[in-house]
Amino acid sequence: MEEKIALFTIFGGTGDLARRKLYPSLYRLYKKGFLNKKFAVIGTARREWSDEYYREIVLDTIADLTESKEDALEFASHFYYQAHNVTDAEHYSTLKQLSKKLNDTYQLEDNHIYYLAMSPQFFGTITEHLKDQELISDTGFNRLIIEKPFGHDYESAATLNEQIRASFKEEQIYRIDHYLGKEMIQNISAVRFANTIFESMWNNRYIDNIQITLSESLGVEERGGYYDTSGALRDMVQNHILQVVSLLAMEPPIELKDEAIREEKIKALRSLRIYSKEEVQKYFVRGQYGASTVDGVTSLDYREEKNVAPDSTTETFVAGKVLIDNFRWAGVPFYIRTGKNLRQKGTQINIQFKSMPLNLFSDDHTEALEPNVLTIYIQPTEGFSLQLNSKKIGPGLETELLNLKHKNSAETSSNSPEAYEKLILDCLNGDATNFTHWDEVAQSWKFVDVIRDTWDQETPEFPNYPSKSMGPVCSDELLEKDGFKWFWNPKSN
Ligand code: NAP
């Protein structure tokens, strides 16, 4: 295994993301031998912590993963803390000195990964100072990992991008969309490009519609303040869902490498039909959860959640029909759906094939057979299933549905690398395949902005779905109008 060499500087080193995701992911990479002797981590935030205290925190975050205390202590000894207010230019010189020292101590070859695990309002300031204060090295690599959200509309995203690009080149920027780190999302390419039966049918001649559901069973919990200014459209559709759409819709790339895949994803996103106001009203619906009591468990009304405005019109649910105006997909609706406080947690993609033109198994040949449906389960369980028609055992010619299913065992799933672990390793390898390029971000915002603008001009009647349901009635009606229904309709947990 090739050892990776780098100095990580984590801005927001005391924060939730760093503790819950980044330190455990770095530890897993360490355990697997990708990180060995030649790595160091600087954690930085305003809090005045000592190195010792910081290491204790790091040890705490990996407590469930460690087998030997010695090993954990050795890992934590690579961590250093620097108190720093990112708006204060002075502090970057202290940071630079520490970087230089660690670079020499651990022989890090001037390889830098800057991870901005903090509010996007600081991204521009940090990158500006990193450049001004000459923290960007000339010899090793300099990579910048940034968290979502990348802007709140096209304009703000473009401004942010300009600020960052003043210090880092596009190929040095790794915009995280943690969905792209998921094993089964990466598996979409395998389903399509490693199986003749699917790729040959992956078009409007054989596919009737595609459904993508990202369903969350929890409400906003502690994130009410952030969520109320964002909503499901910006929080889930602009990034995760449109990324999944682009992976499903793109043309086969010439190779499975970052540049080639991005090129095709960008082309797919450019083919998204940007809606008029009237089309938004026809093709997109929104919802907000209301209180409910199911199985003795009471859920709050969204407007009663902590840090949420009592008259909030923020949507906690979105469903929509996405149309892709190109030769492969003309006429095939991609239905998308995401929401909070829904009946069951899960992400799945259902590819519904066209029904047989004639049903030889019914007396007058008119009653439609059930369609074949390929389902890709993304989370919590990973796997596939394929719905087929088969003949019912016994006399007569009745058919019944058969489901070929492969779900990864809990053990395989738990061994599949955590998204952040995969993404950090990709960044260490300089592989940007599973990060979003600016052109993808820009195109996604352009698609989402018209929906937002249309919605912002109207006052919705919220709440319009009870918690622990699968969303508002208008979401079912959206498909019914086209003669379809949501394939995934969990009854209860
Ligand atoms: P958080 O817990 O609020 O952490 C923010 C960090 O920024 C803290 O370490 C804070 O530490 C530091 N900070 C704030 N102001 C600062 C300043 N002026 N100078 C230096 N440090 C400052 O936020 P988070 O949940 O970790 O989220 C970080 C980013 O990741 C956000 O962009 C978020 O949208 C994104 N994200 C988070 C998650 C998640 O699961 N948490 C998931 C996806 C994306 P001090 O108070 O000590 O300064």
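The values are calculated or read from the model by the stated rules, or taken from the named source; none is laboratory data. Computed from a prediction, not measured in an experiment: that's the story for all the values here. With ideal geometry, Cβ positions are generated from the backbone for all residues, glycine too; neighbour counts draw on all protein chains shown. Only protein heavy atoms, including side chains, enter the accessible area calculation; ligands, DNA and RNA are left aside. Shrake-Rupley method; radii C 1.70, N 1.55, O 1.52, S 1.80 Å.
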How far, in degrees from 0 to 90, does helix 419-428 lean away from the longest principal axis of the Cα atoms of the chain, to the nearest 10?
-> 50 degrees
Under the Karplus curve 6.51 cos²θ - 1.76 cosθ + 1.60, θ = phi - 60°, whole-Hz ³J(HN,Hα) for the range 236-249, x wherever Gly or Pro sits = 10, 6, 4, 9, 4, 5, 5, 5, 5, 4, 5, 5, 6, 9
Sum of -39500 (n - 2.57) over DSSP H runs of 4+, divided by residues of the chain (222 nm, nearest 500) = -9500 deg cm²/dmol
For the chain, go through all pairs of different Cα atoms, get the mean of 1/r, take its inverse, and jot down that Kirkwood value in Å.
-> 24.5 Å
Report the equivalent ellipsoid semi-axes for the range 6-147 in whole Å, largest first, defined as the square roots of five times the eigenvalues of the gyration tensor built from alpha carbon atoms.
-> 24, 17, 13
Using only Cα atoms, figure out Rg for the range 301-450 and give it as a multiple of 2.2 N^0.38 Å.
-> 1.46
How far is helix 123-132 tilted off the main Cα axis of the chain, in degrees rounded to 10, range 0 to 90?
-> 40 degrees
So how tilted is helix 89-105 from the main axis of the chain? Cα-based, degrees 0 to 90, rounded to 10.
-> 80 degrees
What FRET efficiency would be calculated for the residue pair Thr399, Gln163, taking the C-beta separation as r and a Förster radius of 60 Å, to the nearest 0.05?
-> 0.50
With a 1.4 angstrom probe the carbon and sulfur portion of accessible area for the range 6-147, in percent, totals 44 percent
If one computes the Cα centroid of the range 71-92 and of the range 433-493, what distance in Å separates the two points?
-> 41 Å
Residue by residue, what Karplus-based ³J(HN,Hα) values in Hz, rounded to whole numbers, does the range 319-335 have, using 6.51, -1.76 and 1.60 with θ = phi - 60° and x for Gly and Pro?
-> 9, x, 10, 9, 10, 10, 8, 9, 4, 6, 10, 3, x, 9, x, 9, 8
Of the options Gln387, Ala249, Met1, report the single residue whose Cα projects farthest towards the positive end of the charge dipole of the chain (beta-carbon charges: Lys, Arg +1; Asp, Glu -1).
-> Gln387
Quick one: Karplus J couplings for the range 201-207, per residue in order, coefficients 6.51, -1.76, 1.60, θ = phi - 60°, nearest Hz, x for Gly and Pro?
-> 10, 7, 6, 6, 6, 10, 9
For the chain, accessible area per residue (1.4 Å probe, heavy atoms of protein chains only), Å² = 46 Å²
Met201 and Glu109 label points (each 7 Å along its Cα→Cβ direction) are spaced in nm at 4.7 nm
With charges set only on the Cβ (+1 for Lys and Arg, -1 for Asp and Glu), what does the dipole of the chain come to about its Cα centre, in debye to the nearest 20?
-> 640 debye
Using Cα centres only, tell me the gap between the range 147-204 and the range 218-269 in whole Å.
-> 6 Å
